[in-house]
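Single-structure report; data block below.
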Amino acid sequence: MGDSKVIDYMNYYYTPESKRQYEEKQKAEIVCSMEAAIGGFPDYSPQQWTELMEESGVEKVFFVAWKMFSYWSKTMYADTSIDEVWEVVKLNPNRFVGLAGYNPFRIKESLADIERAVKDYGFKGVYVHIYGFDIPLDERKMYPLYAKCQELDIPVSVQVGYVSEAMPSEHGRPIYLDRIALDFPDLKIIGSHTGWPWEEELISVCVKFDNVYFGVDAHMPRYLNPSVVRYIDSRGKNKVIFGTNGLPWSKVLPQIDDLGLKEESKRKLLYENAVKLFKL
């Protein structure tokens, strides 16, 4: 990446034990194709994460306290707590950043956790994986989250597009962000995972609203739709942020170079837009 600085706004921290528990639950599910391709999420130590960041030129990495519900079993599939994330973030707060999660079936507890994560632990936002809960992103159970994030002036990142697990993808259509942005004009919203295969929907909402951003993560850059690459390198250059969703930096970052982006566009994608959006 040369002199380019990098912030990865979308990643996961697993200990060997939490990884074992997660993979045990996966046995009854359809395993995410991305996870399968990389052999599952790593369980690096904080020191190993820091060393990899140094090797790859990554200045900060965001770890999410994600909440994923199983559509088949109707139980929590992933349920990382803010305290688990804080245990690693506090070891290297200049390099590690926390994002809280949200469970729409436990609204009161989730909102209390989000407030504590932001005010006590310095977390910078919230990440939502909606699909297994079997409700759309603009469903009324989601509105307390959006109101809380707007009140706290933190971004909410919502996965949009197709979901690889055994869950209905329809609930993550990017066009649902249209109504949310109308109802919460001061809420900063990130449509993560590119919105594939509905990237044009996500681009349209980002063009319409100043407060909606495009998350370039969870896909190897060589497979990005040409319309996404054009958006990154033109009218979307101030609205795109980079993440990996656990894909290895050693594979992803060289492919960002190969996209042939203007230097300004690449700087904004990899670093500058995230600094501004998350107030880093």
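Observations on the structure shown:
- The set of residues in region 62-81 being within 20 Å of the chain's Cα centre (by Cα), of a type in the set (Ser, Thr, Tyr) and outside any strand (DSSP E or B) consists of Ser70, Thr80, Ser81.
- A residue that is within 16 Å of Val61 (Cβ to Cβ) and not basic (Lys, Arg) occurs nowhere in region 219-239.
- Entry remark, region 159-196: residues being under 18 Å from Tyr71 (Cα atoms) and not polar (S, T, N, Q) number 12 in total.
- Pair list, Cβ < 6 Å and 6+ apart or interchain, from region 86-112 residues that are under 19 Å from Tyr14 (Cβ atoms) to residues that are of a type in the set (Gly, Ala, Ser): Val89/Gly98; Leu99/Gly125; Ala100/Ala65; Ala100/Ala117; Gly101/Ala65
- Hey, Tyr102 of a type outside the set (Lys, Arg), surrounded by 21 or more Cβ atoms within 10 Å (Cβ to Cβ), touching a helix residue (DSSP H, G or I) at 6+ places or on another chain (Cβ under 8 Å) and assigned to a loop (DSSP other than H, G, I, E, B) or not: yes
- For region 104-122, the criterion of a residue being under 16 Å from the mean Cα position of the chain (by Cα) and not β-branched (Val, Ile, Thr) is satisfied by no position.
- Condition check for Glu59: in a helix (DSSP H, G or I) and either under 18 Å from the mean Cα position of the chain (by Cα) or without any contact (Cβ under 8 Å) to a residue 12 or more places away in the chain (or both): no
- When the residues of region 239-273 are filtered to those that are small (Gly, Ala, Ser) and assigned to a helix (DSSP H, G or I), the one that is surrounded by the fewest Cβ atoms within 10 Å (Cβ to Cβ) is Ser250.
- Taking first residues from region 36-47 that are closer than 14 Å to Glu17 by Cβ and touching a residue at least 24 places away in the same chain (Cβ under 8 Å) and partners that are of a type in the set (Lys, Arg) and surrounded by 15 or more Cβ atoms within 10 Å (Cβ to Cβ), the Cβ contacts under 6 Å between residues at least 6 apart in sequence or on separate chains come to Asp43/Lys19.
Here, each number is a calculation from the coordinates, and none is a lab measurement. Given the structure is predicted, the values throughout are model-derived calculations rather than measurements. With ideal geometry, Cβ positions are generated from the backbone for all residues, glycine too; neighbour counts draw on all protein chains shown.
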